[in-house]
1. Please give the number of the condition LEU496 fails out of (1) more than 19 Å from the chain's Cα centre (by Cα); (2) within 15 Å of ligand 2 (Cβ to nearest atom).
2. Specify the residue that is surrounded by the fewest Cβ atoms within 10 Å (Cβ to Cβ); the eligible residues are those in region 367-401 that are part of a loop (DSSP other than H, G, I, E, B) and among the aliphatic types (A, V, I, L, M).
3. Criterion first (under 23 Å from ILE325 (Cβ atoms), open to solvent by 30 Å² or more (accessible area, probe 1.4 Å) and either touching a helix residue (DSSP H, G or I) at 6+ places or on another chain (Cβ under 8 Å) or more than 15 Å from ligand 4 (Cβ to nearest atom) (or both)) does ASP514 satisfy it?
4. Here's a check for you: in region 199-218, which residue that is under 13 Å from ARG293 (Cβ atoms) and open to solvent by 30 Å² or more (accessible area, probe 1.4 Å) is farthest from the chain's Cα centre (by Cα)?
5. Could you list, in sequence order, all residues of region 527-550 that are of a type in the set (S, T, N, Q) and either without any contact (Cβ under 8 Å) to a residue 24 or more places away in the chain or within 16 Å of ligand 3 (Cβ to nearest atom) (or both)?
6. Do you know which residues across region 580-602 are in contact with a strand residue (DSSP E or B) (Cβ under 9 Å, 6 or more places away or on another chain) and more than 16 Å from PRO87 (Cα to Cα)?
7. I'd like to verify a number: residues in region 106-142 that are closer than 22 Å to GLY226 by Cβ and away from ligand 2 (no atom under 16 Å from the Cβ), how many?
8. For region 608-617, name all the residues that are open to solvent by 60 Å² or more (accessible area, probe 1.4 Å) and at pLDDT below 90.
Amino acid sequence: MAKDFDTMENSNPSSNPSIHDVSDPRRRVVLQGGVGALVSGVMAPWLAACATTPATSGPLLGFKAISTDAGDALRVPEGYVARAFAPWGEPIGVAGNIPDWRHDASNSAADQAVQMGMHHDGLHYYPLDGSKRGLLVMNHEYTDDGLLHPDGMKTWSSEKTMKSQNAHGVSVIEVQIDDGGRWQMVRPSRYARRFTAATPFAIGGPAAGHSMMKTAADPAGRLALGTLNNCASGQTPWGTYLSGEENFAFYFRAGDNLDAHQRRWGLRKEPFYPWYTTDERFDATKHGNEPNRFGWVVEIDPMDPSSTPIKRTALGRAAHEGAWIAITKDGRAVVYSGEDARFEYIYKFVSRDKIAPGGGNVTKAQANRELLDHGTLYVGRFDADGSGRWLPMVHGQGPLTAANGFADQGEVVIKARQASDALGGTKMDRPEWLAIDQKAGEVYCTLTNNSSRGRPNMPGVDAANPRANNSMGGVISWKEDGDFDGTSFKWSHLVLAGDPANERAEAKGNVKGDIFGCPDGLVLDARGVLWIQTDAHATQMYKGEFKNIGNNQMLACDRTTGEIRRFLTGPINCEITGATLTPDMTTMFINVQHPGETPSDRSDPADPGKYSRWPDYKPGGRPRSATVVIRKRDGGVIGT
Ligand code: FEO
Ligand code: CA
Ligand code: CA
Ligand code: CA
């Protein structure tokens with residue numbers, strides 16, 4: 001079973017006007033510099049509450065760039081050390097239930113429910129004791145079932161379905177640094193918790209209780225089991241964790257007779273996962289509303305181990321990469337989110353209410369428990385002149401009427417793709433992570449690639465997506481007109497990724513500094529470094545246009561000069577994703593996902609580590625996704 005999650009479906013047939021014929025697509029390609037440039041020392045206010053930005057002198061990028069690499073190792077610059085920990089299968093530390101990982105993958109489904117999931121993705125650090133002890137909360141995007149079971153996928157069983165479901169979701173682990181400067185998991189920990197594809201999630205917002213959300217097992221339509229394909233993550237100013245349910249469509253069997261709604265959401269005759277063969281919930285021919293209960297941003301309160309996680313439907317349904325928060329001047333939350341699929345959209349949600357402070361016996365997370373259930377959702381339109389509009393997705397306004405298939409706001413959010421088609425949002429080149437400069441009012445978004453752009457019967461180039469057969473991707477940015485709740489903005493490209501040695505103009509890019517392709521993870525640190533992480537797929541790496549680029553990597557961008565400098569390279573066929581720093585910025589955690597993943601079927605596990613044995617390097621052993629902790633040898637601030 002090849003699980004090529006980067007071969008995203010083209011399920012957007014809408015004919016929103018292409019604007020390439022009224023604009024030179026490259027006219028908007030400018031490197032930002034000076035204007036709105038970040039002042040060193042800016043810090044997201046919710047982090048500022050934890051610590052002050054460490055005072056550093058010298059240039060923003062103080063490290064020496066490393067070269068590209070195609071070896072099976074993780075490399076960082078001179079003066080830095082990096083170490084893998086918390087890999088897939090490591091017990092998370094639930095008291096009384098700490099099963100050891102076994103290298104032959106013979107751990108049971110029940111073991112997996114209290115062990116790290118597979119395919120680590122977005123992550124955030126939540127301080128318990130400043131920069132010495134905290135929680136790491138992270139997503140496990142999907143599973144490679146050829147590696148997950150001792151005999152791969154040669155046979156299938158209910159136990160395998162459950163193990164696969166339990167290797168999905170989110171992990172909360174407690175970590176601390178010891179006197180030797182080494183981070184370890186704290187086990188047992190009262191915070192240790194797994195959310196899987198079977199954990200109950202409450203449903204909040206306008207889709208809660210909607211007829212399209214009701215199932216035989218949940219006739220009220222208010223409690224869904226599980227979270228799926230959790231990709232990127234966001235951290236709220238009230239201390240919770242947001243996780244995006246991305247490619248949920250790949251889990252459901254839709255059979256031969258897909259309706260228009262199922263087609264628009266990329267459902268397939270047969271799913272990538274055979275779960276439905278033992279868990280009927282994933283057979284959409286029998287449980288047609290079950291897929292509607294996925295594709296949401298979910299909110300988790302990691303500090304309260306007894307809290308119920310919630311799906312926030314007011315933010316709209318999408319193949320959500322993740323969700324990122326800005327704050328308006330009057331204290332409301334603005335959530336930006338992209339949908340990582342070809343020709344899909346960028347969204348913004350503005351909360352109705354202000355962020356509540358909490359106090360007394362009420363934590364800030366508890367005080368804001370319904371904040372993301374009420375507000376206005378918008379889809380982005382990027383116009384050729386460098387301006388843009390946020391188009392309100394409000395039932396009854398414009399085309400979003402019952403006559404057009406939107407009976408109420410619940411149906412607008414459940415059918416957010418169809419609503420965006422009707423409104424004329426701009427079809428983007430797979431929006432992945434966003435990063436927000438709260439002080440400058442700027443937002444950045446990786447557009448990872450889109451090999452279908454400009455193909456016959458596919459949308460052509462436009463100003464915001466200026467490259468046909470866009471193999472390399474780039475980073476787009478915008479600045480709201482006025483506050484973050486504004487309905488118009490100005491946009492430009494921070495960088496078009498690529499290799500200057502490429503013959504094809506579309507793959508050259510305009511990188512000032514070190515070459516890269518397929519940006520995905522994007523994190524702005526408190527000093528103003530924009531960290532860019534890449535996810536070129538195994539099918540494209542090391543050859544053709546990617547022959548000079550090597551393994552996936554992490555680079556640091558100085559937005560005032562436009563320079564992009566390589567900081568880290570990963571092992572073979574991994575992607576680099578997620579980055580979070582301790583408040584003192586002396587430790588950075590990142591994730592290495594799917595080392596050794598190939599386009600080939602792994603159901604013959606004779607040599608599961610054929611392509612990568614990272615991080616254990618055990619003969620005959622399996623590669624494992626893992627978190628990597630990065631420190632400076634002198635204990636200094638990361639990036640200096
Ligand atoms: Fe899960 Fe869009 O990367
Ligand atoms: Ca991603
Ligand atoms: Ca990926
Ligand atoms: Ca990706």
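The values are calculated or read from the model by the stated rules, or taken from the named source; none is laboratory data. In this text, all values refer to a predicted model and were calculated from it rather than measured experimentally. Methodologically, a virtual Cβ is constructed for each residue, glycine included, from the backbone with ideal geometry; neighbour enumeration extends over all protein chains shown. SASA here: full protein model, heavy atoms, side chains in, ligands and nucleic acids out. Shrake-Rupley method; radii C 1.70, N 1.55, O 1.52, S 1.80 Å.
1. (2)
2. Within region 367-401, the first condition is being part of a loop (DSSP other than H, G, I, E, B), and the residues that meet it are 368-370, 374, 383-386, 393-401.
Remaining after also requiring among the aliphatic types (A, V, I, L, M): 384, 393-394, 400.
Details: ALA384: 18, MET393: 26, VAL394: 15, LEU400: 23.
If we take residues in region 367-401 being part of a loop (DSSP other than H, G, I, E, B) and among the aliphatic types (A, V, I, L, M), then VAL394 is surrounded by the fewest Cβ atoms within 10 Å (Cβ to Cβ).
3. Numbers: under 23 Å from ILE325 (Cβ atoms): no; open to solvent by 30 Å² or more (accessible area, probe 1.4 Å): yes; either touching a helix residue (DSSP H, G or I) at 6+ places or on another chain (Cβ under 8 Å) or more than 15 Å from ligand 4 (Cβ to nearest atom) (or both): yes.
Judged against the criteria, ASP514 is not a match.
4. Looking at residues that are under 13 Å from ARG293 (Cβ atoms) and open to solvent by 30 Å² or more (accessible area, probe 1.4 Å), I get ALA216.
5. Within region 527-550, GLN533, THR534, THR539, GLN540 qualify.
6. Step one: filter region 580-602 for residues in contact with a strand residue (DSSP E or B) (Cβ under 9 Å, 6 or more places away or on another chain), giving 580-583, 586-595, 597.
Result: THR580, LEU581, THR582, PRO583, THR586, THR587, MET588.
7. So the answer is 13.
8. LYS610, TYR611
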